[in-house]
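The values are calculated or read from the model by the stated rules, or taken from the named source; none is laboratory data. These figures come from a predicted structure and were not determined experimentally. Backbone-built Cβ (ideal geometry, glycine too); neighbour counts: all protein chains shown. Accessible surface is based on the protein model in full, side chains and every heavy atom, while ligands, DNA and RNA are left aside. Shrake-Rupley method; radii C 1.70, N 1.55, O 1.52, S 1.80 Å.
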Amino acid sequence: MSTGKTPGRTLYDKLWQSHVVAEMGDGAALLYIDRHLVHEVTSPQAFDGLRLNGRKPWRLAANLAVADHNVPTTDRSQGIADPISRTQVDALDANCAEYGITEFRMSDPRQGIVHVIGPEQGATLPGMTVVCGDSHTSTHGAFGALAFGIGTSEVEHALATQTLVQKKTRSMRVTVRGRVAPGITAKDIVLAVIGRIGTAGGNGSTIEFAGEAIAALSMEGRMTVCNMAIEAGARAGLIAVDQTTIDYVKGRPFAPRGTHWDQAVAWWNTLHSDAGAQFDREVLIEAAEIKPQVTWGTSPEMVVAVDGRVPDPAQEADATRRQGMERALHYMGLSPNTPIQEIRIDKVFIGSCTNSRIEDLRAAAKLVGGKRIAASVKLALVVPGSGLVKQQAEREGLDRVFREAGFEWREPGCSMCLGMNADRLSPGERCASTSNRNFEGRQGQGGRTHLVSPAMAAAAAIAGHFVDIRTS
Amino acid sequence: MQAFTVVEGLVAPLDRANVDTDAIIPKQYLKSIKRSGFGPFLFDDWRYLDPGDLDIDPATRRPNPEFLLNQPRYRGASVLLARENFGCGSSREHAVWALSDYGFRAVIAPGFADIFFNNSFKTGFLPIVLKPEQVDTLFREAREEGYRLTVDLPAQTVRTPGGQGFGFDIDPFRKDCLVRGLDEIGLTLQQAGTIRAYETRRRQEAPWLFA
Ligand code: SF4
């Protein structure tokens, strides 16, 4: 086993080397996959491929399936109304039943967004390779696991062979030095990082997030950061294992027990970059300088601090960038130099694999406490990341806080993060959203998305426009 | 998989950076459980003036005359030209399926998002990274109507009508799979013994992974 005896290895090196089944030359390798998470959108064609070629899943227990993108977040007792969504969820149920893959069905209290339930169940463990046919698989890197999104052909490859042909990426370390100011969350940290390095800044790299501000985060916060590593273009995000990680994993249903637990912890404690490890690129960010972030455009890198203004394309020298900014402002219906806090919103979405865990709901509820959402806000949704998060929140009375303020309290799923179910924006509507993508049409055709933290979204729901939660 | 050797085709210049997968194929089409038929919905939000869905016949919708692919001069294009960070966003392979189904065989850009880049090879579709100044040259030349390029994978070269050749990199394994149209899963399964040996070793080191 790799126990870090070679000096100067990065965490990524350790994870990579311990999973190489065969070297293929030129930096490529056949990599073993420990955990494969499966959902309904990117798997039907993969299962068809297996059938077509008379193949079977290599190791059933490595797979865990759940439907999340298409599920309704309102009453589920009648099933799924949209026939096309229903077909896709039915296909997952049928495929899992046919091959014997464990699936949390829609009626199961453990059902939820695939990137919430993996960690919640202990199906995601430190040191694992974790893949899923979904780009936000980077989330699981928060556990010191090598986790990355794959396409449908690779879903089929992982199912059939328990391996993937991969090329080693470059390594990058983003160090967030010092402590963040009160009220600054993991979401603000990662948006600030993307604002700095750009949405292509991590292309071809695995980003390890390090520094005091990262170490101080809870597992929920670390998942938020790694979740958005993909928005910085990275293949994967990583955070070293520490006591916070181990405490979180302990006792979860799929986590090891007894002597296996002790063996596992001994290895997990080696899962950090060695002193002196060399990265291909290093970025340093001062935690104290990070303010609450709000995106203004149609790419996560189009982000400013809440006390800032919508930028002016006229100030941009690069022509391609300038045109991109102009197109974004046109789509977003914003004029240059508008103060961010004057932007009024129509809808609020608190949810998604970025920010739908218990800590996120607590942070939002704290801002809401006893107030009402603004009359101009047409809809404010809270969509817990899983059935278990929902239950926990209800035990804490958070659902009442939200309901009494005028929020809708929904069933778990991806919901308005991408609007594949009935939850979506209408053309021109503007949304404060805790999700991860503000692309054109992401939350509904013509919809306008501003990415923010849960606390910022809750505060915007109350005020009807963005506010600086540090001063209001 | 469809093999890829030499493709000579009409060029469609899409002059945008950060073209994301939601723009390439919007999410309502991801509900299909098939692998084909996405071509009519490629760049859907840009291409049509009215909203679409899987159960709406694209022929009944109003094309946006401003959009590149709706201009007669680009009909039948098979080489797409784009700017940096093409294919960013989700892991949906549907983006590659839509481009292929439409008739594109290759896309040339100064850079791609990783997952999109990986997915491309699985469907016999070739993403080519050229230097920004080379891409600039191609965009300039593509203003001329009927502009065509030759993509020669065995030679790893993009050739212009004026006889210029731009070399590109591709790793040997991918190239081999593409040129010969090989099934990657079949190739990996030839190593089944090696995978089992790894599992045996790993089971001793880290038994909790197999519990
Ligand atoms: S919540 Fe959004 S980003 Fe996360 S898996 Fe679902 S659709 Fe994707």
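Just to be sure before I move on: is A:ALA229 part of a helix (DSSP H, G or I), open to solvent by less than 10 Å² (accessible area, probe 1.4 Å), in contact (Cβ under 8 Å) with a residue 60 or more places away in the chain and farther than 15 Å from A:ALA210 by Cα in the structure I sent?
On the way: part of a helix (DSSP H, G or I): yes; open to solvent by less than 10 Å² (accessible area, probe 1.4 Å): yes; in contact (Cβ under 8 Å) with a residue 60 or more places away in the chain: yes; farther than 15 Å from A:ALA210 by Cα: no.
Considered against the rule, which asks whether it is part of a helix (DSSP H, G or I), open to solvent by less than 10 Å² (accessible area, probe 1.4 Å), in contact (Cβ under 8 Å) with a residue 60 or more places away in the chain and farther than 15 Å from A:ALA210 by Cα, A:ALA229 comes out as no.
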Residues satisfying the stated conditions in region B:30-58, i.e. free of Cβ contacts under 8 Å to residues at least 12 places away in the same chain and farther than 22 Å from A:SER153 by Cα: B:PRO51, B:ASP55, B:ILE56, B:ASP57
Suppose the filter is open to solvent by less than 70 Å² (accessible area, probe 1.4 Å), within 16 Å of the ligand (Cβ to nearest atom), more than 14 Å from chain B (Cβ to nearest Cβ) and farther than 30 Å from B:VAL19 by Cα; does A:SER386 pass it? yes
So which residues in region A:390-416 are open to solvent by 10 Å² or more (accessible area, probe 1.4 Å), part of a helix (DSSP H, G or I) and within 16 Å of the ligand (Cβ to nearest atom)? A:LYS390
Filter region A:102-147 down to the residues that are open to solvent by 10 Å² or more (accessible area, probe 1.4 Å) and of a type in the set (A, V, I, L, M, F, W, C) and list them by number. A:MET106
Within region B:27-49, the count of residues that are open to solvent by 10 Å² or more (accessible area, probe 1.4 Å) and facing chain A (nearest Cβ under 10 Å) comes to 10
Residue ID - farthest from the chain's Cα centre (by Cα), chosen from residues in region A:69-84 that are buried (at least 22 other Cβ atoms within 10 Å of the Cβ) and facing chain B (nearest Cβ under 9 Å): A:ASN70
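Test of understanding: among A:LEU31, A:LEU50, which residue is more than 16 Å from the ligand (Cβ to nearest atom), open to solvent by less than 10 Å² (accessible area, probe 1.4 Å), assigned to a strand (DSSP E or B) and within 13 Å of chain B (Cβ to nearest Cβ)? Step through it out loud before you land on a result.
Values: A:LEU50 fails: assigned to a strand (DSSP E or B).
Every option except A:LEU31 fails the conditions.
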Which numbered condition in (1) within 14 Å of the ligand (Cβ to nearest atom); (2) more than 23 Å from B:ARG92 (Cβ to Cβ) is the only one that A:GLY127 fails? (1)
Looking only at region A:417-457, and only at residues there that are free of Cβ contacts under 8 Å to residues at least 40 places away in the same chain and within 10 Å of the ligand (Cβ to nearest atom), the one that is nearest to A:THR74 (Cα to Cα): A:GLY419
By residue number, the members of region B:141-191 that are within 14 Å of another protein chain (Cβ to nearest Cβ) and of a type in the set (Gly, Ala, Ser) are B:GLY181, B:GLY186
Residue satisfying condition, being among the aromatic types (Phe, Trp, Tyr) and away from the ligand (no atom under 16 Å from the Cβ), within set A:PHE148, A:PHE209: A:PHE209
Reported set for region B:59-87 where residues are away from every other protein chain (no Cβ under 14 Å), in contact (Cβ under 8 Å) with a residue 60 or more places away in the chain and hydrophobic (A, V, I, L, M, F, W, C) is B:ALA77, B:VAL79, B:LEU80
Single residue of A:ALA234, A:ALA277, A:ALA240, A:ALA264 found to be open to solvent by less than 50 Å² (accessible area, probe 1.4 Å), away from the ligand (no atom under 16 Å from the Cβ) and within 10 Å of another protein chain (Cβ to nearest Cβ): A:ALA264
Quick one: B:ALA95 ticks every box in (1) surrounded by 19 or more Cβ atoms within 10 Å (Cβ to Cβ); (2) under 10 Å from the mean Cα position of the chain (by Cα); (3) more than 16 Å from the ligand (Cβ to nearest atom) except a single one, so which number is it? (3)
I'd like the full set of residues that are part of a helix (DSSP H, G or I), within 14 Å of chain B (Cβ to nearest Cβ) and open to solvent by 10 Å² or more (accessible area, probe 1.4 Å), limited to region A:188-226. A:ILE197
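Checking the structure you have, find out if any residue of region A:437-446 is over 26 Å from A:HIS39 (Cβ atoms), at pLDDT below 95 and within 12 Å of another protein chain (Cβ to nearest Cβ).
We begin by selecting, within region A:437-446, every residue over 26 Å from A:HIS39 (Cβ atoms); these are A:446.
Checking which are at pLDDT below 95 leaves us with A:446.
If we keep only those that are within 12 Å of another protein chain (Cβ to nearest Cβ) too, we end up with A:446.
Within region A:437-446, one or more residues are over 26 Å from A:HIS39 (Cβ atoms), at pLDDT below 95 and within 12 Å of another protein chain (Cβ to nearest Cβ).
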Would you point out which residue out of A:VAL20, A:VAL66, A:VAL41 is under 30 Å from A:ALA240 (Cα atoms) and either at the interface with chain B (Cβ under 9 Å from one of its Cβ atoms) or open to solvent by 30 Å² or more (accessible area, probe 1.4 Å) (or both)? A:VAL20
Take the residues in region A:85-99 that are within 14 Å of chain B (Cβ to nearest Cβ) and of a type in the set (Ser, Thr, Tyr); name whichever of them is farthest from the ligand (Cβ to nearest atom). A:THR87
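Only one of these is more than 19 Å from the chain's Cα centre (by Cα) and more than 24 Å from A:VAL155 (Cβ to Cβ): B:GLU133, B:GLU199. Name it.
Numbers: B:GLU199 fails: more than 24 Å from A:VAL155 (Cβ to Cβ).
Going through B:GLU133, B:GLU199 in turn, the sole match is B:GLU133.
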